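The values are calculated or read from the model by the stated rules, or taken from the named source; none is laboratory data. All values derive from a computational prediction rather than experimental measurement. Positions of Cβ are backbone-derived with ideal geometry, glycine not excepted, and every protein chain shown enters the neighbour counts.
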Amino acid sequence: MEYGYQFGLIPRDVYEKMRIKKRRIQQSIEELKKFRVEPQEINPILEKLGSTTISEKESLYDLLKRPEVKINQLRGLGRLEILNNWQDIEWEKVREQVEIEIKYEGFIKREKQLAERLKMLESKPIPKNFNYHTIKNLSSEAREKLDKIRPQTLGQASRISGVSPADISILLMHLTRHNMSDVSRETQTI
């Protein structure tokens, strides 16, 4: 959205609305993290929802991580703008996004970590003289194609038709072992 606005593709009013929405989402999440409810205040709601009750103060943020607890069920708790501003259609969009971000936070974090790992693996080099035929667990098709194409990196290898994610994992394991044995040989010669 930022680039679209900078290049004149998005009108200023649309851009400003998105900035306000984004700021409201971030502020609301922070408020929900800070706002802690007493057990006697929230337990009746949790019981109705079939959710485990609490014995100590807990943040609304943590309660919203529960799949059965929805943000609209917390209406009126505390003086948080997100929980009290029900007439404004813009706040409805904010509430929806806040709930998505809270409920899927763990999944999103894992996916980002996976993407980072894949980015690192993308550039992991494969030695030019690497002998694919010594890796018994590779599928025959993968072994033949890797030997014929001779990719320079693991990322290139992963894009070869007929080379499965399992083959890439096996190849990574052997490359890691290969690098460790090179390091140990180098330290022995020092």
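Values for this structure:
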quantity	calculated
Some residue of the range 100-122 being surrounded by fewer than 17 Cβ atoms within 10 Å (Cβ to Cβ), more than 30 Å from Arg159 (Cα to Cα) and not hydroxyl-bearing (Ser, Thr, Tyr)	yes
Helices (runs of 4 or more DSSP H) contained entirely in the range 50-118, each with at least 1 residues that are modelled with pLDDT under 95 and farther than 20 Å from Lys33 by Cβ	89-103
Criterion: touching a residue at least 24 places away in the same chain (Cβ under 8 Å) and more than 26 Å from Tyr3 (Cβ to Cβ) - qualifying residue of Glu101, Glu90, Glu41	Glu41
Complete set of residues in the range 126-148 that are of a type outside the set (Gly, Ala, Ser) and surrounded by 13 or more Cβ atoms within 10 Å (Cβ to Cβ)	Ile126, Phe130, Tyr132, Ile135, Asn137, Leu138, Glu141, Arg143, Glu144, Lys145, Leu146, Asp147
Of the criteria (1) assigned to a helix (DSSP H, G or I); (2) assigned by TED's automatic domain parsing to the domain that holds Ser158, which one Lys136 fails	(1)
In the range 71-80, the residues that are surrounded by 14 or more Cβ atoms within 10 Å (Cβ to Cβ) and out of contact with any strand residue (DSSP E or B) (no Cβ under 8 Å at 6 or more places or on another chain)	Ile71, Gln73, Leu74, Leu80
Test: residue in the range 153-164 that is β-branched (Val, Ile, Thr), part of a helix (DSSP H, G or I) and either more than 24 Å from the chain's Cα centre (by Cα) or under 30 Å from Lys70 (Cβ atoms) (or both)	no
Number of positions in the range 46-63 that are without any contact (Cβ under 8 Å) to a residue 40 or more places away in the chain and touching a Lys or Arg at 6+ places or on another chain (Cβ under 7 Å)	4
Test: residue in the range 27-42 that is part of a loop (DSSP other than H, G, I, E, B), in the same structural domain as Arg95 (by TED's automatic domain parsing), more than 21 Å from Asn84 (Cα to Cα) and not hydrophobic (A, V, I, L, M, F, W, C)	no
Residue selected from the range 27-49 under the condition surrounded by 12 or more Cβ atoms within 10 Å (Cβ to Cβ) and among the polar types (S, T, N, Q), by the criterion modelled with the highest pLDDT	Asn43
